[in-house]
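Q: Shown below is the structure under consideration.
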């Protein structure tokens, strides 16, 4: 399993339009083969922060979906990013 998690920062005045532009990406990802979860959400505390969370069955599934990454317009809006990819060897359910 692969988890991609972290956040990006955009101008707080552009956050809502950035998120609106991500709706189609989220819909496509959730329908993609190997996608277990995919969310791009507004942070509740920081007006310019957007939280990223993705969970995939495999690295191959991530790469098949990812393609070229964010559009040029979306990439230009990102002021900072702290997103990492994690390979998960074991999954436990909380008890």
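Q: Applying the selection to the stretch 31-67, what residues are touching a strand residue (DSSP E or B) at 6+ places or on another chain (Cβ under 6 Å) and surrounded by fewer than 13 Cβ atoms within 10 Å (Cβ to Cβ)?
A: 37 - this is the single residue of the stretch 31-67 that is touching a strand residue (DSSP E or B) at 6+ places or on another chain (Cβ under 6 Å) and surrounded by fewer than 13 Cβ atoms within 10 Å (Cβ to Cβ).
Q: Quick check on my filter: what residues within the stretch 7-20 are loosely packed, with under 15 Cβ neighbours inside 10 Å and either touching a residue at least 40 places away in the same chain (Cβ under 8 Å) or in a strand (DSSP E or B) (or both)?
A: Hits for the stretch 7-20 are 11, 14.
Q: Among (1) closer than 18 Å to residue 80 by Cβ; (2) in a helix (DSSP H, G or I), which single condition is residue 29 missing?
A: Only one criterion in (1) closer than 18 Å to residue 80 by Cβ; (2) in a helix (DSSP H, G or I) is unmet by residue 29, namely (1).
Q: Is it the case that some residue within the stretch 62-79 is assigned to a strand (DSSP E or B) and within 18 Å of residue 7 (Cβ to Cβ)? Steps first, answer last, please.
A: Residues of the stretch 62-79 assigned to a strand (DSSP E or B): 78-79.
So of that shortlist, the ones also within 18 Å of residue 7 (Cβ to Cβ) come out as 78-79.
Yes, the stretch 62-79 contains a residue that is assigned to a strand (DSSP E or B) and within 18 Å of residue 7 (Cβ to Cβ).
Laboratory data are not the source of any read-out in this text; all were calculated from the coordinates shown. Quick caveat, the model's predicted, so the values are computed rather than measured. For neighbour counting, all protein chains shown are included, and Cβ atoms are generated from backbone atoms with ideal geometry for every residue, glycine included.
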